[in-house]
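*Asks:* Please read through the structure below; I'll follow up with questions.
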Amino acid sequence: MNASKATKEEKRFMLGNEAIAWGAIAAGVDVAAGYPGTPSSEVLQTLINFAEEYGHYVEWSANEKVAVECAAGAAVAGLRSMAVMKHLGLNVAADALATLAYTGVRGGMVVFSAGDAQCHTSSNEQDARVFARFVKIPILDPSDPQEGFYYAKMAFEISEMLELPIILNSTPRVSHTSHLLDLGTIERTPRRKADFVDDKARWICVAALALQRHRWLNSRLAEVGERLSVFPLVQRIYTGKRLGIITNGVAHNYVLEAVSRLGIEDDVSVLKLGMSYPFPSETVTAFAGEVNEIIVIEELEPFVEEQTRVAVQKAGLSIKVHGKNEGLIPIEGELNPSIVSAGVGQVLGIETNEVTIKAYALPRRPPIFCPGCPHRSTYYGLRLAMKEFPQKPLIVGDIGCYTLVSSYPFEMLDTLLCMGAGAGMAHGFSKAGLDRPIVAIMGDSTLFHSGLPPLANIAYNRSNVTILLLDNSYTAMTGFQPNPGTGLTAVGSPTTGLSIPDVVRALGFEHVSVVSAHDSQAVSKSLAEALAYDGPSIVISEGPCALQEQRLAAKRGEVRRAPFLVESDACIGCRVCLTTFGCSAIKWDAEAKKATIDVGKCVGCGDCVVVCPVGAIIGGGDA
Ligand SMILES: Cc1ncc(C[n+]2csc(CCOP(=O)(O)OP(=O)(O)O)c2C)c(N)n1
């Protein structure tokens, strides 16, 4: 292949997610698409950062399903492609993925899914391995950043060999730990030329043709063990017979640590599986034949454990398989060396006084709105509007920075499910006949991700719901990525941003008002009118993300806005600014019994001025 050499040095300290992106670059990825979500976002961001140098196309798609479909189109046209998301995105993309397994692909296609064991930043900790089996797509589980790099690269080759998409699964510890990595030299490969090979029986997957493709898929999956034997996906460590430990993914690291802590190197054999579906039954039964009993150590569901039990039973082996079913290893939350040592120790009758993770519990640091965040003054306006109603409106939540309306000092949120569910559920509450005003909150990225169908539904079926759409121009919570309303592509090129007022009018909303997020009085007035309106209504509160504004202003070399101040003599110490507005730049001076403003934190938005009942907050202008 006509390749030019990259200038990257060979050893670099980097995050697992960066390593995974480099694995894709090393494999010659041609097209990459994703939707942001912690802990996955750095994979696509790294691909964006090097798109020009390595010549691949990359985009932030409107949602994960669209990203998978973009990658699928490219892979069916013979290119190497990648779709990037957090584990929850697999659910959004499920419809496409489940049938893509039937059609298969021509070029290598990798779906990267970053899981969130422990729910660090997610609403659930669903296990992608179970999802992979559900949609019948092979899944690889790297255990650390270096393996992330190798597995990402290998996944493209495996995908092409099997003609199937491959899910690459990671966890917070794989994605977000940094290692000094040896990437070798990464070549720039020319982008493949797209072509379409006409094959109606394959690409038109419906009815009898779909049934045939299901048969094809099953036979392909049955061949996986043999075909993949050339890939280094299985690792054996130690040769002891007393206990066989089977591990998968990140848990492997905890197993090695636990074996060393317990000093049982001569008693155990470790079998590490790099692919959990399709399950390598023959490898596992061969291993089971060499040891007295087995414990399976894996994070989240007892996925390998259950398949191990089935495999040994089918092979007619009477060997005890320990694990989560006895409660030795928890199903919920992340594992760690202490949890694993305690579980393994129990099987071997070794007393351990391992301190579990609970003992390390750190003080809680609940997330708060940043100083200058437009969402805070919008919610202050919502609080004012709510006073107008004898019954507190039901606030139906959605996911983004704006979810922090659940935190002090607002604490106004009533429900939260998943992206796009706020409007959908609000409609359900309304049609159920709930006798309360109903407000559904939604962000701009959420609107384009999964908010459009529920809004169309609300307008069409005319429910009495008010949407409060908080448009800060970015997908802020996950790192300021652009969305179809922003007006910039992933690589920063200008494009036409969709006008949200035009979009919602086109969806059928008749009562639409647009207000400045920093004008809490106007927000309040518009909301009160919208809530009084008989039918679907929407208030669009506009104000760009304050953090992103500051970053862009700093890049442009602009002068920082002067901070506001509390006039000490005027402050009456009522604490209203703290208890109803709660900007982290406003502090309580316990000695003086007055509020003060931390000038280092204040960004000079002045949103707090209207909050003070005695007008003690003053200032503003350029610093
Ligand atoms: C299916 C799914 N994909 C991705 C995420 C990660 N995620 C959480 S909030 C959010 C975006 C929110 O952006 P926006 O609606 O604009 O609100 P903002 O954070 O800017 O206030 C994303 C991508 C998720 N929770 N669920």
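*Asks:* Taking the range 37-59 as the region of interest, how many residues are surrounded by fewer than 23 Cβ atoms within 10 Å (Cβ to Cβ) and assigned to a loop (DSSP other than H, G, I, E, B)?
*Replies:* 3
*Asks:* So if I check each of 385, 432, 423, 440, which one is hydrophobic (A, V, I, L, M, F, W, C), in contact with a Pro (Cβ under 7 Å, 6 or more places away or on another chain) and not assigned by TED's automatic domain parsing to the domain that holds residue 576?
*Replies:* 423
*Asks:* Tell me, which residue of the range 359-379 that is out of contact with any Leu (no Cβ under 6 Å at 6 or more places or on another chain) and buried (at least 24 other Cβ atoms within 10 Å of the Cβ) is nearest to residue 444 (Cα to Cα)?
*Replies:* Looking at residues that are out of contact with any Leu (no Cβ under 6 Å at 6 or more places or on another chain) and buried (at least 24 other Cβ atoms within 10 Å of the Cβ), I get 374.
*Asks:* If you don't mind, another one. Only one of (1) of a type in the set (A, V, I, L, M, F, W, C); (2) buried (at least 19 other Cβ atoms within 10 Å of the Cβ); (3) touching a residue at least 60 places away in the same chain (Cβ under 8 Å) fails for residue 13. Which number is that?
*Replies:* The failed condition is (2).
*Asks:* Here is a follow-up. Taking the criterion of being hydroxyl-bearing (Ser, Thr, Tyr) and in a helix (DSSP H, G or I), would at least one residue in the range 188-195 satisfy it?
*Replies:* No - not one qualifying residue is present in the range 188-195.
*Asks:* May I pose another question? Taking the options 539, 559, 609, name whichever one is over 24 Å from residue 367 (Cα atoms) and surrounded by fewer than 19 Cβ atoms within 10 Å (Cβ to Cβ).
*Replies:* 559
*Asks:* Can residue 182 be described as buried (at least 17 other Cβ atoms within 10 Å of the Cβ) and not aliphatic (A, V, I, L, M)?
*Replies:* No: the conditions fail for residue 182.
*Asks:* Ok, one more. Looking only at the range 394-405, decide whether some residue is more than 14 Å from residue 375 (Cα to Cα), near the ligand (Cβ under 10 Å from one of its atoms), part of a helix (DSSP H, G or I) and without any contact (Cβ under 8 Å) to a residue 60 or more places away in the chain.
*Replies:* No, the range 394-405 contains no residue that is more than 14 Å from residue 375 (Cα to Cα), near the ligand (Cβ under 10 Å from one of its atoms), part of a helix (DSSP H, G or I) and without any contact (Cβ under 8 Å) to a residue 60 or more places away in the chain.
*Asks:* Can you pull out the residues in the range 409-425 that are among the aliphatic types (A, V, I, L, M) and free of Cβ contacts under 8 Å to residues at least 40 places away in the same chain?
*Replies:* 412, 413, 421, 425
*Asks:* What are the residues in the range 422-471 that are in a loop (DSSP other than H, G, I, E, B) and hydroxyl-bearing (Ser, Thr, Tyr), if any?
*Replies:* 463
*Asks:* Condition first: within 20 Å of the chain's Cα centre (by Cα) and more than 14 Å from the ligand (Cβ to nearest atom). Now tell me which residues in the range 427-482 satisfy that.
*Replies:* Of everything in the range 427-482, nothing turns out to be within 20 Å of the chain's Cα centre (by Cα) and more than 14 Å from the ligand (Cβ to nearest atom).
*Asks:* Of these, 603, 610, which one is in a helix (DSSP H, G or I), outside the structural domain of residue 428 (by TED's automatic domain parsing) and not hydroxyl-bearing (Ser, Thr, Tyr)?
*Replies:* From the options 603, 610, the qualifying one is 610.
*Asks:* Mind listing just one residue for me: the one in the range 31-70 that is within 10 Å of the ligand (Cβ to nearest atom) and either of a type in the set (S, T, N, Q) or outside the structural domain of residue 114 (by TED's automatic domain parsing) (or both) and, of those, farthest from residue 17 (Cα to Cα)?
*Replies:* Taking the candidates together, the pick is 63.
A quick yes/no check of all residues on (1) over 13 Å from the mean Cα position of the chain (by Cα); (2) over 21 Å from residue 72 (Cβ atoms); (3) surrounded by 20 or more Cβ atoms within 10 Å (Cβ to Cβ):
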| residue | (1), (2), (3) |
| --- | --- |
| 100 | yes, no, yes |
| 109 | yes, no, yes |
| 116 | no, yes, yes |
| 122 | no, yes, yes |
| 133 | yes, no, no |
| 147 | yes, yes, yes |
| 153 | yes, no, yes |
| 156 | yes, no, yes |
| 161 | yes, no, no |
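*Asks:* Scan the range 242-276 for residues that are assigned to a loop (DSSP other than H, G, I, E, B) and more than 18 Å from residue 302 (Cα to Cα) and jot them down.
*Replies:* Across the range 242-276, the qualifying residues are 242, 263, 264, 265, 266, 267.
*Asks:* Take residues that are within 25 Å of residue 481 (Cα to Cα) and tell me which of the helices (runs of 4 or more DSSP H) falling wholly in the range 497-593 contain 2 or more.
*Replies:* Ranges flagged: 500-506, 546-555.
Per-residue answers, yes or no, for (1) hydroxyl-bearing (Ser, Thr, Tyr); (2) under 19 Å from residue 20 (Cα atoms); (3) not assigned by TED's automatic domain parsing to the domain that holds residue 333:
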{"residue": "142", "(1), (2), (3)": "no, yes, yes"}
{"residue": "145", "(1), (2), (3)": "no, yes, yes"}
{"residue": "150", "(1), (2), (3)": "yes, yes, yes"}
{"residue": "154", "(1), (2), (3)": "no, yes, yes"}
{"residue": "166", "(1), (2), (3)": "no, yes, yes"}
{"residue": "171", "(1), (2), (3)": "yes, yes, yes"}
{"residue": "187", "(1), (2), (3)": "no, yes, yes"}
{"residue": "212", "(1), (2), (3)": "no, no, yes"}
{"residue": "219", "(1), (2), (3)": "yes, no, yes"}
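*Asks:* Scan the range 312-330 for residues that are surrounded by fewer than 16 Cβ atoms within 10 Å (Cβ to Cβ) and touching a helix residue (DSSP H, G or I) at 6+ places or on another chain (Cβ under 6 Å) and report the count.
*Replies:* Total satisfying the criteria: 2.
The values are calculated or read from the model by the stated rules, or taken from the named source; none is laboratory data. Please read these numbers as outputs of a predicted model, since none were measured by experiment. Please note: Cβ atoms are built from the backbone with ideal geometry, for glycine as well, and neighbour counts cover all protein chains shown.
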